[in-house]
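Participant: Next up is a structure, given as structure tokens.
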Amino acid sequence: MLPNFDRIADVAVARTTIHSTRSVKRRRTRSVVGRNTTSRSSGSDFTDTVRLAFLASRVRRTGVERVLASIAGPDPDPRTAATGAAVAQQCAFDHEAILVFPERVGDTARFLRERGFEVADAVPSVVVRSRLTSRYGLASSALDVSILRASTTLGSGERRGIEAFCVPRASAPGIMIERERRENNEAHVALMVTDPTDIRLRALRATLLADFSLRADGGGYNPRDGAATGGRSVLYFRAPSGARLELTCAGNFAQIVDAHCGDAR
């Protein structure tokens with residue numbers, strides 16, 4: 001049985017946060033007595049460093065079947081076994097996502113490269129920026145959200161990806177940083193429809209809603225993400241357990257995205 005990486009990460013984050021708090025207090029004390037040895041802060045703080053490290057480890061162990069099993073839960077509907085196989089035939093595991101608050105987006109890119117991932121150039125986020133600004137009552141122009149896509153190749157030749165949503169720490173309200181790290185509202189696993197058509201995407205959406213008992217949780221279209229292949233359409237789902245699934249594909253499927261977002265309201 002594989003270890004519970006999420007639980008291990010929670011413990012590590014707690015311990016590291018305590019260590020960080022104590023270190024800050026010690027540095028402040030030294031400054032008061034005239035020995036100001038406070039160093040310039042690193043690009044990624046301890047909490048996000050630990051979260052990214054465990055995600056980089058966990059994503060290498062994830063596949064379509066595991067994603068569907070985690071979404072179905074411990075007591076799945078009997079229909080999910082048959083329909084799960086059909087979904088797996090039409091989709092590939094794409095990525096697992098995380099929202100982080102680095103000093104600079106480049107710090108997150110460097111961290112992932114150091115762990116064996118190839119990292120593409122950052123692109124502006126449309127969907128997550130809209131979700132965050134709506135959640136915190138901000139104007140859309142008030143928040144800069146970038147997407148970093150990172151991938152690595154396993155020994156089997158399969159690709160595993162990470163999608164890091166980056167909000168520069170200086171521009172994010174403190175309440176946002178604290179709440180998003182605690183609730184992981186933008187964390188999700190994603191399946192890519194390998195040969196998307198309107199009919200296929202509609203059928204997959206209906207299957208996930210009905211047979212997996214998921215509910216619509218928003219979505220959107222980003223023309224800058226994979227612009228060479230027509231941009232990217234995104235449908236988010238939420239399971240009864242709270243876990244989130246993204247179904248994504250190349251191209252602009254506006255009617256399906258609009259219907260999905262309408263169901264989420």
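None of the figures in this text is laboratory data; all of them are computed from the coordinates on show. Just so you know, these numbers come straight off a predicted model, no measurement behind them. In this analysis, Cβ positions are derived from the backbone assuming ideal geometry, glycine residues included, and neighbour counts consider all displayed protein chains.
Participant: Give me P(r) over segment 86-205, computed from all C-alpha to C-alpha distances, binned every 10 Å, as integer percentages.
Facilitator: Values per bin, smallest distances first: 12, 38, 32, 17, 2.
Participant: Among rounded, prolate and oblate, which fits segment 174-237 when a ≥ b ≥ c are the square roots of the eigenvalues of its C-alpha gyration tensor, a/c under 1.5 means rounded, and a/b larger than b/c means prolate?
Facilitator: Verdict is oblate for segment 174-237.
Participant: Hey, what do the phi angles of segment 146-157 turn into as Karplus ³J(HN,Hα) couplings, whole Hz, using 6.51/-1.76/1.60 and θ = phi - 60°, x for Gly and Pro?
Facilitator: 10, 10, 10, 9, 10, 8, 9, 9, 7, x, 6, x
Participant: Cα centroids of segment 53-88 and segment 217-265: how far apart, whole angstrom?
Facilitator: 19 Å
Participant: Sticking with this structure for a sec: Would you be so kind as to identify which of Gly174, Gln255, Thr207 lies farthest towards the positive end of the dipole of segment 115-259, taking Lys and Arg as +1 and Asp and Glu as -1 on Cβ and the Cα centre as origin?
Facilitator: Gly174
Participant: In what sequence do Asp195, Asp263 fall when counting other Cβ within 10 Å, fewest first?
Facilitator: Fewest-to-most ranking of Asp195, Asp263: Asp195, Asp263.
Participant: For segment 180-196, in order, what is each residue's ³J(HN,Hα) by Karplus, 6.51 cos²θ - 1.76 cosθ + 1.60 with θ = phi - 60°, in whole Hz (x at glycine and Pro)?
Facilitator: My calculation for segment 180-196 gives 5, 5, 6, 9, 6, 5, 9, 5, 6, 10, 10, 10, 9, 6, 6, 9, x Hz in order.
Participant: Tell me, Tyr221, Tyr236, Tyr136 in order of fewest to most beta-carbon neighbours within 10 Å?
Facilitator: The fewest-first ordering by Cβ neighbours comes to Tyr136, Tyr221, Tyr236.
Participant: Next up: Report the net charge of residues surrounding Asp121, where surrounding means a beta-carbon distance below 13 angstrom and charges are Lys +1, Arg +1, Asp -1, Glu -1.
Facilitator: Values: positive: Arg113, Arg149, Arg224; negative: Glu118, Asp225.
Taking every Cβ under 13 Å from that of Asp121, the sum is +1.
Participant: May I ask for the net charge around Gly63, where only other residues with Cβ less than 14 Å from the Cβ of Gly63 are counted and Lys, Arg are +1 while Asp, Glu are -1?
Facilitator: Local net charge: +2.
Participant: Could you derive backbone 3J(HN,Hα) for segment 74-88 from the dihedral phi with the Karplus parameters 6.51, -1.76 and 1.60 (θ = phi - 60°), listing whole Hz in sequence and x where the residue is Gly or Pro?
Facilitator: x, 10, x, 4, x, 6, 5, 4, 6, 6, x, 5, 5, 4, 4
Participant: Then there's this: Measure off 7 Å from each Cα along the Cα-to-Cβ vector at Ala254 and Ala206, then give the distance between these two points in nanometres to one decimal.
Facilitator: Distance between the two pseudo-spin positions: 2.4 nm.
Participant: Once label points are set 7 Å from the Cα along Cα→Cβ at both Glu114 and Asp75, what is their separation, rounded to one decimal in nm?
Facilitator: 4.6 nm
Participant: Another question, if that's okay. Name the GluC sites (Glu not before Pro) in segment 174-215 that are in a loop by DSSP and that have at most 10 other C-beta atoms within 10 Å, would you?
Facilitator: Passing both the DSSP loop test and the Cβ count: no residue.
Participant: Cβ under 13 Å from Pro168's Cβ, Pro168 left aside: what net charge do those residues give with Lys, Arg +1 and Asp, Glu -1?
Facilitator: -2
Participant: Moving on to the next point. Going by amide H atoms built from the backbone, whose H comes under 5 Å of the H on Asp217, apart from near neighbours?
Facilitator: The answer is Tyr236, Phe237, Arg238.
Participant: Using modelled backbone amide H atoms (1.01 Å from N, in-plane), which distant-in-sequence or interchain residues come within less than 5 Å of Thr62's amide H?
Facilitator: none
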